[in-house]
1. Give me the residue from segment 128-149 that is within 17 Å of ALA86 (Cβ to Cβ) and in contact (Cβ under 8 Å) with a residue 40 or more places away in the chain and, out of that set, most open to solvent (accessible area, probe 1.4 Å).
2. Restricting the search to segment 58-71, which residues are in a loop (DSSP other than H, G, I, E, B) and either charged (D, E, K, R) or under 15 Å from ALA108 (Cβ atoms) (or both)?
3. Residues of segment 81-94 being in a strand (DSSP E or B) and of a type outside the set (Val, Ile, Thr), which ones?
4. Within the bounds of segment 188-195, is there any residue that is within 18 Å of ARG81 (Cα to Cα) and part of a helix (DSSP H, G or I)?
5. For segment 32-73, name all the residues that are over 14 Å from the mean Cα position of the chain (by Cα), more than 16 Å from ligand 1 (Cβ to nearest atom) and open to solvent by 10 Å² or more (accessible area, probe 1.4 Å).
6. From the list ALA191, ALA174, pick out the single residue that is open to solvent by less than 10 Å² (accessible area, probe 1.4 Å), in contact with a Ser or Thr (Cβ under 7 Å, 6 or more places away or on another chain) and under 24 Å from SER42 (Cβ atoms).
7. Return the residues of segment 156-188 that are within 16 Å of ligand 2 (Cβ to nearest atom) and of a type outside the set (Asp, Glu); say none if nothing qualifies.
8. Would you tally the residues in segment 1-22 being more than 16 Å from ligand 2 (Cβ to nearest atom) and either open to solvent by 20 Å² or more (accessible area, probe 1.4 Å) or at pLDDT below 95 (or both)?
Amino acid sequence: MLDAQNLVKSYPSAGRRLEVLRGVSLHMAARESVALTGESGSGKSTLLHLLGCLDTPDAGRISLQDTVLHDLDETGRAAMRRSRIAVIFQQLNLIPSLTVAQNLSFQARLAERFDADWTAELTDRLGLADLLDRYPEQLSGGQQQRVAIGRAVALRPEVVLADEPTGNLDEATADTVLDLMLDLARDSGAAFLMVTHSPRLAARLDRRLHLEKGRIV
Ligand SMILES: Nc1ncnc2c1ncn2[C@@H]1O[C@H](COP(=O)(O)OP(=O)(O)O)[C@@H](O)[C@H]1O
Ligand SMILES: [Mg+2]
């Protein structure tokens, strides 16, 4: 399903290049959940940005099913982000002027993939039914996180990429949120990749990849 081969990525740094990824390969099957771990600065977010079509590699190949991602132009990458790949960040990027209900359906509607039954089910399973008319600023961190997850899976993406999505939450809330993400990703058929530095959370996913010195070890 999602396949990356020999990804290389560097950034300009003090007149030189900082080599962040030095040949990263990975493969994810549908419904598979994978934890991505590694020290701060090891390139986890960089890798997620490449897989999520937010940035392009210097070299290497990425494909999702039959679609080649690494040489898409900005328009092509935007289309992938709109309809096939969802990214959940620690900064949730909920839209402050929209209610919970509107935040949940916004992206799915944009992608013309809004499904009222699926959205109602998500709302229920995420415990958001009583919060639909609120604005993001009127929610707790854990509640906002659940809206961000609902928004991501509402459009039934093929891949959900999450960058330390539970980093701001206490352990119990983080566990609940991870349960939900895993359930919903599996039920929607998506492959799920999560960056975390919690070994405890990583252990709950199917598999773990560790990034070190620009490579997966
Ligand atoms: N846009 C950028 N420009 C320059 N350097 C960057 C950029 N993004 C990340 N870096 C650097 O690349 C390295 C890896 O960063 P990142 O992928 O954010 O690591 P992680 O998510 O594992 O903490 C760090 O040294 C970081 O400072
Ligand atoms: Mg990061």
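The values are calculated or read from the model by the stated rules, or taken from the named source; none is laboratory data. In this text, all values refer to a predicted model and were calculated from it rather than measured experimentally. No Cβ is skipped: glycine too gets one built from the backbone with ideal geometry, and neighbour counts run over all protein chains shown. The area values use the complete protein model at the heavy-atom level, side chains included, leaving out ligands, DNA and RNA. Shrake-Rupley method; radii C 1.70, N 1.55, O 1.52, S 1.80 Å.
1. Residue satisfying both the conditions and the ranking: GLN144.
2. ASP58, ASP66, ASP71
3. Passing the criteria: only ALA86.
4. yes
5. Those that are over 14 Å from the mean Cα position of the chain (by Cα), more than 16 Å from ligand 1 (Cβ to nearest atom) and open to solvent by 10 Å² or more (accessible area, probe 1.4 Å): ALA59, ARG61, SER63, GLN65, ASP66, THR67, VAL68, HIS70, ASP71, LEU72, ASP73.
6. Among ALA191, ALA174, only ALA174 is open to solvent by less than 10 Å² (accessible area, probe 1.4 Å), in contact with a Ser or Thr (Cβ under 7 Å, 6 or more places away or on another chain) and under 24 Å from SER42 (Cβ atoms).
7. LEU161, ALA162, PRO165, THR166, GLY167, ASN168, listed by residue number.
8. Qualifying residue count, segment 1-22: 13.
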